[in-house]
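Bear in mind that the values in this text are calculations on the coordinates, not laboratory data. The structure presented is a predicted model; accordingly, all values stated were derived computationally and were not measured. Cβ placement follows ideal geometry from the backbone for every residue including glycine, while neighbour counts extend to all protein chains displayed.
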Amino acid sequence: MLAIEPLIQLIDLGKEYISQGATIVALNDINLEIFSGDIFGIIGMSGAGKSTLVRCINFLEKPTTGTVVLDGNDLSLLSEKEIRKLRQNIGMIFQQFNLLMQRNVEDNICFPLEIAGVKADERKKRSQELLEIVGLSDKAKSYPSQLSGGQKQRVAIARALSTNPKILLCDEATSALDPTTTSSILSLLKEINKKLGITIVIITHEMSVVERICDKVAIIDNGELAEQGSVENVFSNPKTDAARKLVYHNNNAVMEMKGKRCIRIVFDGKSSFEPVIANMILECRTQVNILFADTKDIKGKAFGQMVLQLPEDSIQADKIINYLKNNKMIVEELIDYVN
């Protein structure tokens, strides 16, 4: 059986800038593989280097060192003309939408096709198809100033899809949106991935975005790849400080806990109707202190995490941990935060 080649491959990727005579390392030794059909999250705190990374993927920023291979093409070996042609296979959406304010919705979507030399009637037909996909068939003649933030982002997504790309790069695409609108945009992206088979790379600083939509994730910290893997594995068992900060949402109540035994339990899709904590308290005949909870019900299943402070009595604490593990819960002792 032939091995499946990655659609996007970053090999020993590095990017440096010179500022006022000093060298600034934005990315260092990044190695990533993203396969066709993936929804891949790249997450990190502000200034971690993730936006630079996404711009290196399509060579809007040329790496200082290393290699970017897209669909079998080493971008460093291509001419500018060849790179421009290859970029037609890459759509991109941004935090601030980047729509042309003097053009209506239909003309915004047609703009990349216009540049590519597609005939006017074909451009119009394609824009109508895309407006239906993003749920804005009635907004073709509206202008960006007449649209809400979520509608603007839907137009931006339609425009990014106009050239039938294989890859969609999303740079903080939901950061300017409210939670309800963010949820609808993420649902749309997931639907596009499923129906059209487009590989999606999502750049974000929000773990909730990754949890909601991504299959795999890479964590960037100070320009370096801190951790990568399936979302489930990274979320349930973060191995690096950078991953823990993102997974724990920088929860100070946990980090400042002194001399107490704390555990983190992960809900990974079991039924939301199972009263796990209530049953545990009844079974173990003891109380716990919930320090932090971030759980959600998705189609009747529980996803998220909870941090519990256990009783001082070590026997009772062990009993709670054993009960949870015996009920197939993911349990992690937060030894890093205990004195």
*In degrees, nearest 10, range 0 to 90: what is the angle between the Cα axis of helix 179-196 and the longest Cα principal axis of the chain?*
60
*Quick one: among GLU114, GLU283, GLU16, which has the greatest mean-square fluctuation in a GNM of the chain with alpha-carbon springs under 10 angstrom?*
GLU283
_Interchain or long-range residues, amide H under 5 Å from ALA226's placed H_ = ILE219, ILE220, ASP221
*Percent antiparallel among DSSP beta bridges with both residues in the chain, to the nearest 5?*
70
*Which residues' amide hydrogens lie under 5 Å from the amide hydrogen of THR64, considering only partners 5 or more residues apart or on another chain, with H built in the peptide plane?*
GLY14, LYS15, GLU16
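Using a cut-off of 13 Å between beta-carbons, work out the net charge of the residues near LEU136 (Lys and Arg +1, Asp and Glu -1, LEU136 not included).
Working: positive: LYS139, LYS141, LYS152, ARG154, ARG159; negative: GLU106, GLU129, GLU132, ASP138.
With Lys, Arg at +1 and Asp, Glu at -1, the neighbours total +1.
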_region 122-130 - phi-based ³J(HN,Hα) in whole Hz, Karplus 6.51/-1.76/1.60, Gly and Pro as x_ = 5, 4, 5, 4, 5, 5, 5, 4, 6
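Quick check on the chain: what does the Kirkwood estimate of hydrodynamic radius come out to from the alpha carbon pairs, in Å? Mind dumping the intermediate values first?
Details: mean 1/r = 0.0450 Å⁻¹.
Evaluated on the chain, it is 22.2 Å.
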_C-alpha long axis of helix 314-326 to longest principal axis of the chain, angle in °_ = 50
*Once you have the Cα-Cα distance between SER187 and LYS62, take 0.36 nm times their residue separation minus that, and quote the gain in nm to one decimal.*
41.8 nm
*In degrees between 0 and 90, to the nearest 10, how far off the longest principal axis of the chain does helix 149-161 point, with axes built from Cα atoms?*
60
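Between GLU80 and LEU196, take the C-beta separation as r, use R0 = 30 Å, and let me know the FRET efficiency to the nearest 0.05.
Result of the calculation: an efficiency of 0.55.
Of the peptides 235-245, 96-106, how do they stack up when ordered by the mean number of other Cβ atoms within 10 Å, highest first? Numbers along the way, then the final one.
On the way: 235-245: 17.7, 96-106: 16.1.
The most tightly packed comes first, giving 235-245, 96-106.
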*Using a Gaussian network for the chain with springs between C-alpha atoms less than 10 Å apart, which of these wobbles most: LEU282, LEU27, LEU113?*
LEU282
*In 10 Å bins starting at 0, how do the alpha-carbon pair distances of region 1-110 split up by percent?*
12, 38, 33, 15, 2, 0
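So how strong a dipole does the chain carry about its Cα centre when Lys and Arg Cβ are +1 and Asp and Glu Cβ are -1, to the nearest 20 debye? Spell out each step's value before the answer.
On the way: 40 positive and 43 negative charges, 193 e Å.
I would put it at about 920 debye.
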*Karplus (6.51, -1.76, 1.60) ³J(HN,Hα), θ = phi - 60°, over region 165-177, in Hz, Gly and Pro reported as x*: x, 7, 10, 10, 9, 10, 9, 6, 5, 10, 5, 8, 10
*asked:* Given the DSSP H assignment, sum -39500 (n - 2.57) over each helix run of at least 4 residues in the chain and divide by its residue total; what's the result at 222 nm in deg cm²/dmol, nearest 500?
replied: -10000 deg cm²/dmol
*Note down the relative contact order for the chain as a percent, whole number, built from C-alpha pairs under 8 angstrom at least six residues apart.*
17
*So who's got an amide H within less than 5 Å of the one on ALA173, skipping anything under 5 residues away but keeping other chains? H placed 1.01 Å off N, in plane.*
ILE203
*Go through region 29-41 residue by residue and turn each phi into a ³J(HN,Hα) via Karplus (6.51, -1.76, 1.60, θ = phi - 60°); whole Hz please, and just put x for glycine and proline.*
6, 8, 10, 9, 10, 10, 9, 4, x, 5, 10, 10, x
*Take the Cβ-Cβ distance between ASN326 and GLN88 as r, set R0 to 51 Å, and report the resulting FRET efficiency rounded to the nearest 0.05.*
0.40
*Residue with peak Gaussian network fluctuation, the chain [Cα springs, cutoff 10 Å], from ILE34, ILE90, ILE277*: ILE277
*Counting Lys +1, Arg +1, Asp -1, Glu -1, what net charge surrounds LYS319 among other residues with beta carbon under 10 Å of its beta carbon?*
-2
